[in-house]
Amino acid sequence: MFLLSEFLKWRLHSVSVQFEPELKVQEVSRLKGGHINSTYHIHGMMNGRYDDFVLQRLNTKVFTEPDKVMNNIGRVCQHLKKKVREDKSVRIIPLQFRAASDGRYFFIDDNGEFWRVMEYVKGGFSVDHAETVTQAYETGKAFGEFQYLLNDIPGGPLEITIPRFHDTVFRFEQLEEAFKQDAAGRAASVKEEMDFCFARKDTISCVLDGIADGSIPERVTHNDTKINNVLLDANGKRLCVIDYDTLMPGSSLYDVGDCVRSTTRTGDEDERDLDKINMDISLFEGLVRGYVSATKNILSEREKELLYFCGNLITFEIGLRFLADHLNGDVYFQTERENHNLDRARVQFKMVKSMEEQKDAMRRIVDDLLKEK
Ligand code: GN1
Ligand code: MG
């Protein structure tokens with residue numbers, strides 16, 4: 001648990017009352033998990049009743065156009081609410097944002113910081129990698145359902161809030177540039193990691209190629225489908241998909257890929273002991289089973305063909321990003337220790353290796369699941 005300074009608590013209180021003027025804050029704690037925004041759990045008393053909510057400061061260096069982020073979120077929430085009303089079999093509940101006293105769903109403080117408030121989903125918990133096949137299945141099903149429900153969102157494509165976010169070729173170029181610039185003087189110490197990346201450079205354009213030739217449709221995608229962005233209930237069933245900031249036009253394969261990266265990993269995203277890191281094939285099976293059961297009817301042939309490989313691709317891409325940030329001096333992802341981003345990059349590359357070794361089994365599993373009725 002992080003200890004918050006009295007000043008920060010006071011600040012969080014003064015922002016909270018912009019959304020809930022009657023609120024008497026009782027407890028504030030930091031919610032861990034994200035590398036970009038700062039997120040807090042507020043427990044308070046309002047009109048004689050206890051209430052809990054999530055207060056979040058958006059990182060506007062990363063999300064440079066927060067109004068566009070909120071527009072996308074507004075559209076998606078509205079559509080999801082309609083779907084949940086219409087179809088009682090839908091399990092995932094949409095996030096609920098609270099309006100500030102001026103009616104807007106955010107508040108900008110005197111320092112220009114961008115804040116917003118969401119309902120705290122009671123009884124929800126998350127894990128950083130799957131502990132059971134059921135958790136893997138529920139995660140795949142949650143993101144599959146999310147994608148399926150957004151398949152017919154009206155009003156055209158969402159806004160692009162971070163251009164080229166999952167453009168793996170661009171991410172590779174960014175790494176090359178970071179290596180060349182060597183801003184933090186770390187290039188000489190990552191030769192082995194760079195060799196690993198260059199050896200795989202020709203495998204990274206398949207999704208972009210598919211989007212360009214039309215065989216892969218651009219959909220409404222979540223783009224940050226880590227397992228800890230699904231809340232599970234006390235019975236381990238999917239309850240809610242969270243973290244809507246990177247909702248954008250994208251490929252379904254990005255979302256499955258990031259899900260595979262986090263869900264099937266046998267250790268933490270920043271584990272230092274790489275012997276603990278592998279891709280667990282039974283978790284992969286559970287995850288794909290859940291995802292396919294929700295999306296089979298909307299996937300194109302090319303999406304199906306690349307389903308077995310997208311975990312490999314996105315894990316590699318996120319490894320490139322962590323390594324680039326290490327070379328740039330840790331300017332993007334929040335870090336808590338020396339070489340934190342390098343440790344994270346190494347875990348991703350170990351996962352890529354493990355997936356390469358299990359490629360045939362992964363392909364077989366996907367093919368079999370797609371054939372099942
Ligand atoms: C960041 O902050 P968080 O954990 O929600 C990042 C994702 C990465 C992820 C790696 C906007 O997400 O793209 O996959 O870290 N978000 C952004 O864990 O860059
Ligand atoms: Mg995120």
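The values are calculated or read from the model by the stated rules, or taken from the named source; none is laboratory data. Note that this is a predicted model, so its numbers are computed, not measured. In this analysis, Cβ positions are derived from the backbone assuming ideal geometry, glycine residues included, and neighbour counts consider all displayed protein chains. Areas reflect the complete protein model, heavy atoms only, side chains present, ligands, DNA and RNA absent. Shrake-Rupley method; radii C 1.70, N 1.55, O 1.52, S 1.80 Å.
Quick notes
- Exclusive hit being over 29 Å from Thr335 (Cβ atoms), surrounded by 14 or more Cβ atoms within 10 Å (Cβ to Cβ) and of a type outside the set (Phe, Trp, Tyr), set Gln26, Gln18, Gln56: Gln18
- Any helices (runs of 4 or more DSSP H) falling wholly within the range 112-221 and containing at least 1 residues that are in the same structural domain as Ile318 (by TED's automatic domain parsing), out of contact with any His (no Cβ under 6 Å at 6 or more places or on another chain) and over 23 Å from Phe349 (Cα atoms): 133-149, 206-213
- Residue match in the range 128-144 (condition: open to solvent by 50 Å² or more (accessible area, probe 1.4 Å) and more than 20 Å from Thr225 (Cα to Cα)): no
Conditions tested, residue by residue: (1) open to solvent by 10 Å² or more (accessible area, probe 1.4 Å); (2) in contact with a Gly (Cβ under 9 Å, 6 or more places away or on another chain); (3) outside any helix (DSSP H, G or I); (4) not assigned by TED's automatic domain parsing to the domain that holds Thr263.
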| residue | (1), (2), (3), (4) |
| --- | --- |
| Phe322 | no, no, no, no |
| Asp325 | no, no, no, no |
| Tyr332 | yes, no, yes, no |
| Thr335 | yes, no, yes, no |
| Glu338 | yes, no, yes, no |
| Val347 | no, yes, no, no |
| Lys353 | yes, no, no, no |
| Asp360 | yes, no, no, no |
| Ile365 | yes, no, no, no |
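- Check on Val90, closer than 27 Å to Gly144 by Cβ and within 16 Å of ligand 2 (Cβ to nearest atom): no
- Residue match in the range 45-60 (condition: over 19 Å from Tyr105 (Cβ atoms), over 22 Å from the mean Cα position of the chain (by Cα) and assigned to a loop (DSSP other than H, G, I, E, B)): yes
- Within the range 211-255, the set of residues being aliphatic (A, V, I, L, M) and away from ligand 2 (no atom under 13 Å from the Cβ) comprises Ile211, Ala212, Ile216, Val220, Leu231, Leu232, Ala234, Leu239, Leu253.
- Residues that are more than 16 Å from ligand 1 (Cβ to nearest atom), outside any loop (DSSP other than H, G, I, E, B) and surrounded by fewer than 23 Cβ atoms within 10 Å (Cβ to Cβ) within the range 222-239 comprise just one, Leu232.
- Only a single criterion out of (1) in contact (Cβ under 8 Å) with a residue 24 or more places away in the chain; (2) within 16 Å of ligand 1 (Cβ to nearest atom) is not satisfied by Leu23, namely (2).
- The set of residues in the range 246-266 that are among the small types (Gly, Ala, Ser), within 12 Å of ligand 1 (Cβ to nearest atom) and part of a helix (DSSP H, G or I) comprises Gly257, Ser262.
- Condition broken by Phe284, with the remaining ones in (1) under 29 Å from Glu176 (Cα atoms); (2) more than 14 Å from ligand 1 (Cβ to nearest atom); (3) among the aromatic types (Phe, Trp, Tyr) satisfied: (1)
- The residue of the range 71-111 that is least open to solvent (accessible area, probe 1.4 Å), among those that are in a loop (DSSP other than H, G, I, E, B), over 30 Å from Gly236 (Cβ atoms) and among the small types (Gly, Ala, Ser), is Ala100.
- Screening Lys61, Lys32 for residues that are loosely packed, with under 15 Cβ neighbours inside 10 Å, modelled with pLDDT under 95 and within 16 Å of ligand 2 (Cβ to nearest atom) leaves exactly one candidate, Lys32.
- Residue under evaluation Ile42, criteria (1) surrounded by 14 or more Cβ atoms within 10 Å (Cβ to Cβ); (2) of a type in the set (Val, Ile, Thr); (3) within 16 Å of ligand 1 (Cβ to nearest atom), criterion not met: (3)
- Options Ser215, Ser252: the member that is touching a residue at least 24 places away in the same chain (Cβ under 8 Å) and open to solvent by 30 Å² or more (accessible area, probe 1.4 Å): Ser215
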